[in-house]
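The values are calculated or read from the model by the stated rules, or taken from the named source; none is laboratory data. Worth saying up front: this structure is predicted, and the values here are computed from it rather than measured. Don't worry about glycine lacking a Cβ; one is built from the backbone with ideal geometry, like all the others, and counts go over all protein chains shown.
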Amino acid sequence: MSSRLRLRLGSLALLLVLLLTWELASRRLGLSTLVLPPPSMVLKVLVDGLASGYFWPHIKSTGLALLLGATLGCLAGFAAGMAMAESKALRGLMLPYLVVSQVVPKLALMPLFVMWFGFGITSTVVITGLICFFPLMETTMTSLQQVPQERLELFRILGASRIQTLLRLKLPSGLPGILSGLRVAVVLALVGAVVGEFIGASRGLGALIIASQGMMDTPLMFAVLVLIASLGLLFYQATLLLEKWLLLPYTRVL
């Protein structure tokens, strides 16, 4: 615990040093606030926006799109990963198309989503789900295929059915790898939500970045970036708590 506390205090001290250096550089070098506003100005914009309620509708909109998109995308990715891990024919049939769907930049697809699903949260949820689908699908499929062969043979000797082998052997063995894919998917989901709001939304932190760019309000832009980072850290920590809860029975056994 003392070592962990020292690491956290060291990380906090590094952040304070970086912010202090940024503040001094902005003021001593006479940089325009349009180019690089000092942290004190960004903090004032952030506090004023939160206190006045200006930021909250945008935070709620992005948070909702992130939650819905990540949930739907991860559920679909998990189900697809299990199906392709269990079926070689399905894997050979679908995997090339799924890979091709991922190499196409999602920002290029956003205008199509706006035409198909309308201008609003639905388009953002769709692109968020698509972005976090592939990481979880890939890690689920790979993790379920990496079960030691001797364990599979033992389950066959014991007469376990295919579904019993999946639920009692493959999923518990592949759970750490699947959860690592979930962490990556959640981080990418925030990218999808913000990128989707760049084009397909009038409310949300992504839309607010575009608005601040149009107004040439750099302090507001930095304040929104702080909110996006905070939202991402919140969802990432929630994923870590979920991972700890799911792995707790296995750590007790060990």
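Just for segment 71-113: of the residues that are of a type in the set (Gly, Ala, Ser) and more than 27 Å from VAL147 (Cβ to Cβ), which one is surrounded by the fewest Cβ atoms within 10 Å (Cβ to Cβ)? Among them, the one singled out is ALA108. In this structure, GLU197 qualifies as in contact with a Ser or Thr (Cβ under 7 Å, 6 or more places away or on another chain), farther than 21 Å from MET94 by Cβ, among the charged types (D, E, K, R) and part of a helix (DSSP H, G or I). Pairs linking a residue in segment 23-50 that is of a type in the set (A, V, I, L, M) to a residue that is modelled with pLDDT under 90 and assigned to a loop (DSSP other than H, G, I, E, B), with Cβ atoms under 6 Å and 6 or more positions apart or on different chains, do not occur. Scan segment 26-45 and give yes if some residue there is hydrophobic (A, V, I, L, M, F, W, C), surrounded by fewer than 14 Cβ atoms within 10 Å (Cβ to Cβ) and part of a helix (DSSP H, G or I), otherwise no. No, segment 26-45 has no match at all.
Within segment 77-97, the set of residues being under 23 Å from VAL191 (Cβ atoms) and touching a residue at least 12 places away in the same chain (Cβ under 8 Å) comprises GLY77, PHE78, ALA80, GLY81.
Scanning segment 98-120 for residues that are part of a helix (DSSP H, G or I) and under 19 Å from LEU190 (Cβ atoms) gives GLN102, LYS106, LEU107, LEU109, MET110, PHE113.
Between LEU112, LEU98, the distinction of being within 28 Å of LEU171 (Cβ to Cβ) and either modelled with pLDDT of 80 or more or out of contact with any helix residue (DSSP H, G or I) (no Cβ under 8 Å at 6 or more places or on another chain) (or both) belongs to LEU98 only.
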